[in-house]
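**Student:** Handing you a structure now.
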Amino acid sequence: MRNIQMQRPQREKPQYYPDPVVFGRERLIWARFDNSSPSASNSPIYFDNDDVLRNKIVTGIELFNKNNIQLLTDYGIVATANGGTSGGAYFTLTLVGWHNQILVNQYPVAALSRENTFGKTKRFSLEVCLSKSYVLFTNLTGVSLSPTDGIAFNFHYVNKVQS
Amino acid sequence: MIIKNTYGVELNLPTVTVGLRTNFQDIPQLRYNAVVITGIEAYTQSQLLSSPTGKTIVSSTGILGISITLVVMDTEEVYQLPYYSLVSGLNSGIVKEFANKRINIVKSYATILNTTGINAGESLFLSFMYVPSLKN
């Protein structure tokens, strides 16, 4: 006798993440120019490999500039979020996942600044491989940025729930 | 809104004429059977001066003359939405959310309603927030 029991379609097992509304921890992460001022269009500036985001869920990202904070280390940060001669408006952010999949493609970094979010941190739910992620300089007009500067992001994250 | 994936989309305006419609290019990652759109954020020169292809982004004055129409299947479900309303930096930082729309991107378009502040060759730049469709 044939087994005619109907089978339900297989669906991917859902992953349950913590509520991203609650910021667990945060960490300032840099994309540094490393003494080589970005002067050519489309030159990616990679993040330092930072294991702090391994097995973590990024829940929010902010951009800092000199309107918010001056100097944290021996590196400076871009002067303004918008425009100017050293602003964040020249850059986009691309975040890549652990399987090389692009999660965030060419997101203007200035849109993450407090000037554009009005103090509300942009919320995400991402598992980011930081060493494959980068900031892209998009300007063609030869604006010169200080080679000792960088871009400072504040990544909010929580631990990934292990199933 | 909580962003799970975003894709930056450039829409170049090679000529500037009142009433001109410019369709979005095909973006394989955003095809309507692959993803549902959960939100759209747009930008002016204040947030991004040049696009990744090196085109100047339309200024905050120029965007006042642009509207966006979004097509689902063959229906213009979002018709002539002012581009201004999609710029979160001009709207208290709020990203415009959509109720999981399957947008037919190549049939969606921008319309120039007023040419003031728009120069030929400039581009619009938007981020489409999306989630992949469930596999059956």
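The values are calculated or read from the model by the stated rules, or taken from the named source; none is laboratory data. Note that the coordinates shown come from a computational prediction; the quantities given were computed from them, not determined experimentally. All Cβ positions, glycine included, derive from the backbone under ideal geometry; neighbour counts span all protein chains shown. The protein model used for the area step is the full one, side chains on, heavy atoms only, and it has no ligands, DNA or RNA in it. Shrake-Rupley method; radii C 1.70, N 1.55, O 1.52, S 1.80 Å.
**Student:** Summed for both chains, how many Å² of accessible area, to the nearest 100, are buried between B and A with a 1.4 Å probe?
**Tutor:** Numbers: alone 7070 and 9820 Å², together 14370 Å².
Interface between B and A: roughly 2500 Å².
**Student:** Counting just the Cα atoms, what span does the range B:1-131 cover along each of its three principal axes? Round to the nearest Å and put the largest first.
**Tutor:** For the range B:1-131, the Cα spread along each principal axis is 35, 30, 25 Å.
**Student:** Just want to confirm a number: the relative contact order over chain B, from Cα pairs under 8 angstrom separated by 6+ residues, in percent. Intermediate values should be presented prior to the final figure.
**Tutor:** On the way: 319 pairs, mean separation 62.6, N = 136.
Over chain B, the number comes to 46 percent.
**Student:** Under the classification rounded if a/c is under 1.5, otherwise prolate if a/b is larger than b/c and oblate if not, where does the range B:1-72 fall, given a ≥ b ≥ c as square roots of the Cα gyration tensor eigenvalues? Spell out each step's value before the answer.
**Tutor:** On the way: a/c = 1.77, a/b = 1.40, b/c = 1.26.
Prolate, since a/c reaches 1.5 and a/b exceeds b/c.
**Student:** What dipole magnitude, in Debye to the nearest 20, does chain B give about its Cα centre under +1 on Lys/Arg Cβ and -1 on Asp/Glu Cβ?
**Tutor:** On the way: 9 positive and 8 negative charges, 55 e Å.
Here chain B has a charge dipole of around 260 debye.
**Student:** Per residue, how much accessible area does chain B show when a 1.4 Å probe rolls over the protein heavy atoms, in square angstrom? If you can, show how the numbers build up before the last one.
**Tutor:** Numbers: 5800 Å² over 136 residues.
I get 43 Å² per residue for this part.
**Student:** Out of B:Ile112, B:Ser46, B:Val36, whose Cα points farthest toward the positive end of the dipole of chain B (charges: +1 Lys, Arg; -1 Asp, Glu; placed on Cβ)?
**Tutor:** Of B:Ile112, B:Ser46, B:Val36, it is B:Val36.
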